[in-house]
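K.L.:
Pasting in a structure now, in structure tokens, and then I'll have a few things to ask.
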Amino acid sequence: MTRDRLLIALDVDGTIVRSDGAVAPRVHAAIRAVHDARHHVVLSTGRSPQATSPVIATLGLAGAHAVCANGAVTLLTDPSGRHGYTVVAEQTFDPGPLLAVLARDPSGCAVAVEAPGAQGFRVTAGFPAGELSGAVVVTSWELVGGYGARRVIVEGMDRSRFAALAGELGLGGVDDTTGRTGGVEAGPPGISKASALERLRVTLGVGAGDTVAVGDHLNDVEMLRWAARGVAMGHAPDAVRAAADEVTGSCAEDGLADVLESIVHRRETGDRYGDRVRGRPPDSGG
């Protein structure tokens with residue numbers, strides 16, 4: 001296992017990016033500091049790859065991984081910083097059964113499908129302007145899921161009703177979606193930010209005790225529990241704070257910078273997180 005590099009998983013919206021769409025200078029500098037120290041900085045987000053890419057470019061994370069679409073896609077940015085990114089892992093499912101049920105009573109409900117390899121979404125009706133990134137193509141209920149799906153996003157439907165329906169169909173990742181959408185979503189069974197990060201951790205050879213995650217939303221709960229050091233942002237809901245080891249300041253207070261600056265200090269002092277891993281040895285491969 002790699003003993004001198006951490007895997008640092010960072011949610012984007014509400015953690016890195018403020019509500020006005022900007023990244024605070026102190027947060028930007030702190031991310032650059034841990035990246036330049038050769039830690040694995042991994043953006044872990046509900047955003048699609050094409051909506052994540054501008055953030056990666058802004059932060060200058062050449063040669064870094066990102067987990068997108070709440071775990072359905074893992075990408076690797078070009079080490080030279082010139083050629084965007086490559087999708088290195090993709091998890092999909094057949095949305096047909098879910099769409100068939102939704103189509104029986106589509107009133108007031110809009111559905112978007114992020115298809116495998118897509119640079120945008122197929123939708124059954126218009127979503128609010130700016131809610132979906134990339135190309136948005138309106139099509140019929142019969143065709144919207146014809147190519148499979150990384151995830152299905154639904155606007156205008158009660159979350160508990162949608163969660164019950166998706167659960168009956170054995171789908172995973174049902175939650176309030178984040179990034180540029182305001183609905184609820186379902187993804188491939190068993191897929192979350194945490195599952196994608198665990199596969200990446202093993203691939204990179206990082207010890208389980210050398211993992212850090214920071215987030216602020218319900219889709220970050222599994223990720224915070226997965227990490228040896230899980231940190232909730234100060235404005236996070238109670239359920240997110242309860243899943244974390246600690247709570248930092250809010251996004252408006254540059255709370256992420258506090259965490260990352262503490263990692264730079266940890267590197268200097270040689271402290272480790274290995275004894276904080278929940279339920280597994282520090283260097284387990286699972």
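The values are calculated or read from the model by the stated rules, or taken from the named source; none is laboratory data. Predicted model only: the values in this text are computed from it and were never measured. Neighbour counts are summed over all protein chains in view; Cβ atoms, including those assigned to glycine, are modelled from backbone coordinates with ideal geometry.
K.L.:
Could you check, for the stretch 77-99, whether at least one of its residues is of a type outside the set (Asp, Glu) and touching a Cys at 6+ places or on another chain (Cβ under 7 Å)?
P.N.:
No.
K.L.:
Then there's this: Among the residues of the stretch 127-146, what is the count of those that are over 13 Å from Pro106 (Cα atoms) and part of a loop (DSSP other than H, G, I, E, B)? Walk me through it before giving the result.
P.N.:
Initially, the stretch 127-146 is screened for residues over 13 Å from Pro106 (Cα atoms), giving 127-139, 143-146.
When the remaining residues are screened for being part of a loop (DSSP other than H, G, I, E, B), the result is 127-134, 139, 143-146.
Qualifying residue count for the region: 13.
K.L.:
For the list (1) surrounded by 16 or more Cβ atoms within 10 Å (Cβ to Cβ); (2) assigned by TED's automatic domain parsing to the domain that holds Ile16; (3) not hydroxyl-bearing (Ser, Thr, Tyr), I need the number of the one condition that Ala166 fails.
P.N.:
It fails just one condition, (2).
K.L.:
Would you mind stating whether Thr74 is outside the structural domain of Arg151 (by TED's automatic domain parsing), at pLDDT 95 or above, part of a loop (DSSP other than H, G, I, E, B) and of a type outside the set (A, V, I, L, M)? Outline the logic, then answer.
P.N.:
On the way: outside the structural domain of Arg151 (by TED's automatic domain parsing): yes; at pLDDT 95 or above: yes; part of a loop (DSSP other than H, G, I, E, B): no; of a type outside the set (A, V, I, L, M): yes.
No, not satisfied.
K.L.:
Kindly indicate the residue of the stretch 215-235 that is without any contact (Cβ under 8 Å) to a residue 40 or more places away in the chain and not in a helix (DSSP H, G or I) and also farthest from Cys251 (Cα to Cα) among those meeting that condition.
P.N.:
Per the criteria, the residue is Gly230.
K.L.:
Hey, another quick one. Hey, Thr86 hits all of (1) under 21 Å from the mean Cα position of the chain (by Cα); (2) not small (Gly, Ala, Ser); (3) not assigned by TED's automatic domain parsing to the domain that holds Asp13 but one; which does it fall short on?
P.N.:
(3)
K.L.:
Also, quick follow-up: Quick check on the stretch 17-32. Is at least one of its residues crowded, with 19+ Cβ neighbours inside 10 Å, touching a Phe, Trp or Tyr at 6+ places or on another chain (Cβ under 8 Å) and of a type in the set (A, V, I, L, M)?
P.N.:
No.
K.L.:
Just need a number here: residues in the stretch 199-214 that are in a strand (DSSP E or B) and not small (Gly, Ala, Ser).
P.N.:
Count: 4.
Conditions tested, residue by residue: (1) part of a loop (DSSP other than H, G, I, E, B); (2) closer than 18 Å to Val206 by Cβ; (3) outside the structural domain of Val221 (by TED's automatic domain parsing); (4) more than 17 Å from the chain's Cα centre (by Cα).
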| position | (1), (2), (3), (4) |
| --- | --- |
| Thr15 | yes, no, no, no |
| Asp20 | yes, no, no, yes |
| Arg26 | no, no, no, yes |
| Arg32 | no, no, no, yes |
| His35 | no, yes, no, yes |
| Arg38 | yes, yes, no, yes |
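K.L.:
Based on what the data block shows, is Pro79 more than 21 Å from Arg47 (Cβ to Cβ) and outside any loop (DSSP other than H, G, I, E, B)?
P.N.:
No.
K.L.:
Which ones in the stretch 85-126 are within 25 Å of Gly190 (Cα to Cα), of a type outside the set (A, V, I, L, M, F, W, C) and not in a strand (DSSP E or B)?
P.N.:
Gln91, Thr92, Asp94, Pro95, Gly96, Pro97, Pro116, Gly117, Gln119
K.L.:
If a residue must be of a type outside the set (Asp, Glu) and either over 13 Å from Val154 (Cα atoms) or under 21 Å from the mean Cα position of the chain (by Cα) (or both), how many such residues does the stretch 103-121 contain?
P.N.:
The number of residues fulfilling the criteria is 11.
K.L.:
If Val42 meets every condition in (1) buried (at least 21 other Cβ atoms within 10 Å of the Cβ); (2) in a helix (DSSP H, G or I) apart from one, which number is that one?
P.N.:
Single failed check for Val42: (2).
K.L.:
When Ser284 is evaluated against the numbered criteria (1) modelled with pLDDT of 70 or more; (2) surrounded by fewer than 17 Cβ atoms within 10 Å (Cβ to Cβ); (3) small (Gly, Ala, Ser), which criterion, by number, is the only one it fails?
P.N.:
(1)
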